[in-house]
Amino acid sequence: MDTIYALASARGKAGVAVIRVSGPAAFSAGQAIAGDLPEMRRAGMRRLAWQGDTLDEGLVVCFAAPASFTGEDILELHVHGATATVAAVLRALGEQPGLRLAEAGEFTRRALENGRVDLAQVEGLADLIEAETEAQRQQALRVLSGRLGQQAEGWRRDLIRAAALIEATIDFADEDVPVDVTPEVTGLLHAVKAGLSAELRGFAAAEVVREGFEVAIMGRPNAGKSTLLNALAGRDAAITSEHAGTTRDIIEVRMDLGGYAVTLLDTAGLRETEDEVEGIGIDRALKRAAEADLRVFLDDGGGVPMLEPRQGDIVVQAKADLRQGVQGLAVSGKTGLGLDRLVAEIGQRVEGRAAGAGLITRERHRTAIRRALRALESADSEVREGPERAELAAEELRAAIRALDSLVGRVDVEDLLDEIFSSFCIGK
């Protein structure tokens with residue numbers, strides 16, 4: 001396998017830049033640039049030079065295979081983060097035989113191929129790199145820690161036990177089997193099904209944490225939707241005007257609310273109109289409102305036409321600074337009155353939706369678990385039919401095991417790898 005190298009830290013000027021080298025020639029490349037190398041896992045200051053020219057002075061760290069991130073010999077060079085310095089070190093590495101620049105995500109891909117991480121952990125790492133909020137960070141770390149793989153391994157172990165018991169009845173079909181294996185097999189199947197079902201129930205909550213929570217602000221024209229959006233965002237994200245119908249398209253603002261990613265949607269004012277362009281905006285507003293996780297209805301005294309609040313939505317009295325004696329939750333985007341209370345209400349809804357989040361966070365995970373559940377339902381049915389259906393039950397169990405194997409990347413994932421790793425930076 002080639003030895004690969006790349007900048008592992010962010011591009012651009014920085015105090016320190018980390019350059020990573022992985023493969024069989026990693027240590028010889030380090031010796032060519034830094035001379036004698038420090039002990040494994042101990043950083044040592046070295047003068048870095050190539051063909052008689054000094055490149056920099058920096059820290060050198062070595063990790064011997066297989067106890068490294070990729071499972072191969074790894075060399076890390078911690079150099080000054082000047083653009084010219086990084087370019088000079090990378091150029092020196094590229095001129096050495098057997099070394100080539102890494103492709104996107106290739107370090108992590110080698111870690112997967114060498115058994116250092118499973119596919120779910122790779123996805124957790126990708127999510128951690130992209131995490132914008134505290135909730136996303138914590139969720140990504142749970143997946144990166146390998147908990148999903150450990151859970152899947154436990155399910156797989158129980159199914160292998162059940163399959164072995166059923167195979168025994170097939171092997172001894174012409175003889176008297178001393179013990180009826182049906183109770184143990186059904187017990188194992190029910191336990192695994194319960195675990196898989198629990199993960200499926202937690203998928204929607206986990207998806208909210210990972211993808212974010214959409215909140216659509218609805219109301220009549222000039223109800224103060226754009227002003228409220230700007231107040232919540234802390235900037236002029238939407239144009240405000242005293243003329244009705246200013247907002248024609250949907251304006252999105254993404255923000256961190258209580259550790260959760262929330263996207264606020266400013267929509268066109270709801271009313272009957274003969275203006276073709278405004279009508280298109282209203283149709284889009286109604287469609288996005290139907291898809292949103294939460295709707296905030298701004299009532300300026302005339303109600304909110306064309307759409308009824310559903311359970312869990314928030315109804316707010318708008319323009320509280322201009323109205324007297326309003327009841328319930330009231331806000332003013334202009335003065336900030338009631339904004340803290342509205343933010344708290346939205347936060348409660350988000351926390352409620354995120355509660356009970358499971359370990360599966362992607363559609364691929366859900367698909368694999370649903371495949372496993374369908375196979376287990378069939379296996380359970382075949383087991384109940386009696387010993388004469390044992391072969392069919394065993395085949396369904398094998399299908400369930402294959403589904404769990406695909407969850408952590410043992411089988412059927414080659415077509416997914418290029419897409420997954422393309423989202424990684426070069427040095428990861």
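Using R₀ = 51 Å, calculate the FRET efficiency as 1/(1 + (r/R₀)^6) where r is the Cβ-Cβ separation of Glu113 and Glu252; round to 0.05.
Once the sixth-power term is evaluated, E becomes 0.85.
Which one, Ala268, Leu257, Ile369, projects farthest toward the positive side of the charge dipole computed for the chain from Cβ point charges (K/R +1, D/E -1)?
After comparing all options, I get Leu257.
If you put +1 on each Lys and Arg Cβ and -1 on each Asp and Glu Cβ, how big is the dipole of the chain around its Cα centre, in Debye rounded to 20?
In total the dipole reaches around 1600 debye.
Using the Cα centre as the reference, give the magnitude of the dipole from point charges on the C-beta atoms of the stretch 210-354 (Lys, Arg: +1; Asp, Glu: -1; all else neutral), rounded to the nearest 20 debye.
Here the size comes out at about 360 debye.
Sort out for me the Cα centre separation of the stretch 269-283 from the stretch 67-86, rounded to whole Å.
About 57 Å separates the Cα centre of the stretch 269-283 from the one of the stretch 67-86.
Using r as the Cβ-Cβ distance of Gln31 and Ile170, and R0 as 60 Å, what FRET efficiency do you calculate, to the nearest 0.05?
Efficiency computed from Cβ-Cβ geometry: 0.50.
Which of the lysines could be linked to Lys334 by a straight reach, that is with a Cα gap under 29 Å, when you skip same-chain ones fewer than 8 residues away?
Lys225, Lys287, Lys319
Label the stretch 1-112 by shape, choosing from rounded, prolate and oblate, from the square roots a ≥ b ≥ c of the eigenvalues of the Cα gyration tensor; if a/c is under 1.5 it is rounded, and otherwise prolate applies when a/b is larger than b/c, oblate when it is not.
Rounded, because the longest to shortest axis ratio a/c is under 1.5.
Once Rg and Dmax of the Cα atoms in Å is worked out from the coordinates, which option in (i) 20.7, 59; (ii) 20.9, 74; (iii) 29.1, 88 does it equal?
(iii)
Starting at the first residue of the stretch 340-350, write each ³J(HN,Hα) from the Karplus equation 6.51 cos²θ - 1.76 cosθ + 1.60 with θ = phi - 60°, in whole Hz, x for Gly and Pro.
Couplings: 4, 5, 5, 4, 5, 5, 4, x, 5, 5, 5 Hz.
For the stretch 292-307, in order, what is each residue's ³J(HN,Hα) by Karplus, 6.51 cos²θ - 1.76 cosθ + 1.60 with θ = phi - 60°, in whole Hz (x at glycine and Pro)?
Values per residue, Gly and Pro as x: 5, 6, 8, 10, 10, 9, 8, 9, 9, x, x, x, 10, x, 6, 8 Hz.
Rounded to the nearest 0.05, what FRET efficiency is calculated for Gln324 and Arg137 with R0 set to 41 Å and r the Cβ-Cβ distance?
Result of the calculation: an efficiency of 0.35.
Could you give the length gained on full extension between Arg47 and Ala64, defined as 0.36 nm per residue of separation minus the Cα-Cα distance, in nm?
Length gained, Arg47 through Ala64: 4.0 nm.
If each residue of separation counts as 0.36 nm, what is the full-extension length gain between Glu385 and Arg161 once their alpha-carbon separation is subtracted?
My answer for the length gained is 78.7 nm.
Coordinate-derived values only; no laboratory data. Just so we're clear, the structure is a prediction, and the values are computed from it rather than from any experiment. Please note: Cβ atoms are built from the backbone with ideal geometry, for glycine as well, and neighbour counts cover all protein chains shown.
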